[in-house]
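Beneath this line is the structure, given in structure tokens, with notes to follow.
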Amino acid sequence: MKDKKAIKELADMPKWRQMFTAKATLIEAEIPVNQIVNWLNSYQPFFPKSMQWVPKVFGKYTF
């Protein structure tokens, strides 16, 4: 629901979107994309299997 609201808000702001895109093209990445992708693909969860419900519960009941 929040995503739809954000998309609707940005749809009414073409100049802001254009400026954001222009500024984003000027930013140089410090870490290459392939290095980030490799890190994500080799990610190992640090929660034991028996505790994987904890983040879901906190995510659902916190604001």
Report those helices (runs of 4 or more DSSP H) wholly inside the chain carrying at least 2 residues which are surrounded by 10 or more Cβ atoms within 10 Å (Cβ to Cβ) and in contact with a Phe, Trp or Tyr (Cβ under 8 Å, 6 or more places away or on another chain). 53-61
Of these, Ala22, Ala11, Ala6, which one is modelled with pLDDT of 80 or more and touching a helix residue (DSSP H, G or I) at 6+ places or on another chain (Cβ under 9 Å)? Ala11
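The values are calculated or read from the model by the stated rules, or taken from the named source; none is laboratory data. The shown structure was predicted, so the numbers you read here are calculated from the model rather than taken from an experiment. We place every Cβ from the backbone using ideal geometry, glycine too, and count neighbours over all the protein chains shown.
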